[in-house]
Amino acid sequence: MNENLEWSPENMLEVKLKTPDDFLKVRETLTRIGVASRKEKKLFQSCHILHKQGRYFIVHFKELFALDGKSANISENDIERRNTIAQLLSDWNLVEVVGEIQTKAPLSQIKVIAFKDKHEWNLEPKYNIGKKKEDEQSNESTQV
């Protein structure tokens, strides 16, 4: 089931926003959805919202690595988790999925942190959109 897939940008999951303001809501919500290490109270963010050429996509962080030309071993389960997360966003009226969502992962594979509880967790993105590694290192050295 965790076999690596042949992936291309056409496999990305497109969504539509109800209003332009929803982009920030979706982006913040996605920081609280992912795979949890309960022992450490750490949540690894699974998906991001990508705005490209006037279109929006919910993408697994490994899809972003692939878009960057880096090696990414995207599994069927990664895509199923992305699809489940997109379905949750749709159920919460934050996005409208374009087309049909095919296979989904069980909700038991995904942790959603309530907004009111987010201060209790260490939220860890696996990918930072718009930041290059050099930028992150120079930012770290300038922070006090």
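A short reminder: the numbers here are calculations on the coordinates, not readings from a lab. Predicted model, so just to flag it, every value in this text is computed and none were measured. Virtual Cβ from ideal backbone geometry, glycine too; neighbours counted across all protein chains shown.
Each Lys and Arg Cβ is given +1 and each Asp and Glu Cβ -1; about its Cα centre, the range 9-142 then shows a dipole of about 320 debye. Straight-line reach from LYS52: taking Cα to Cα under 28 Å and skipping same-chain neighbours fewer than 8 places apart, the lysines in range are LYS16, LYS18, LYS25, LYS62, LYS70, LYS104, LYS111, LYS126, LYS131, LYS132, LYS133. Shape of the range 38-99 from its Cα gyration tensor (a ≥ b ≥ c, root eigenvalues): rounded if a/c is under 1.5, otherwise prolate when a/b > b/c, or oblate? Here the range 38-99 falls in the oblate category. Within the listed set SER37, SER108, SER71, the residue fluctuating most in the Gaussian network model of the chain (springs between alpha-carbon atoms under 10 angstrom) is SER108.
Springs between Cα atoms under 10 Å define the GNM used for the chain, and in it the highest mean-square fluctuation of LEU89, LEU67, LEU43 occurs at LEU67. Only beta bridges with both residues in the range 9-142 are counted; by DSSP, about 80 percent of them are antiparallel. Values (1) 16.4, 58; (2) 15.3, 47; (3) 18.4, 67 are given for comparison; Rg and Dmax of the Cα atoms in Å, derived from the coordinates here, is the one labelled (2). Counting every other Cβ atom within 10 Å of each residue's Cβ, HIS60, HIS51 order from fewest to most as HIS51, HIS60. Ranked by how many other Cβ atoms sit within 10 Å of their own Cβ, fewest first, the residues LEU64, LEU24 fall in the order LEU24, LEU64.
With neighbours defined as other Cβ atoms within 10 Å of a residue's Cβ, the residues SER75, SER8 order from fewest to most as SER8, SER75.
Using a Gaussian network model of the chain whose springs link C-alpha atoms within less than 10 Å, name the residue from VAL98, VAL26, VAL112 with the highest mean-square fluctuation. Among VAL98, VAL26, VAL112, the largest mean-square fluctuation in the Gaussian network model of the chain belongs to VAL98.
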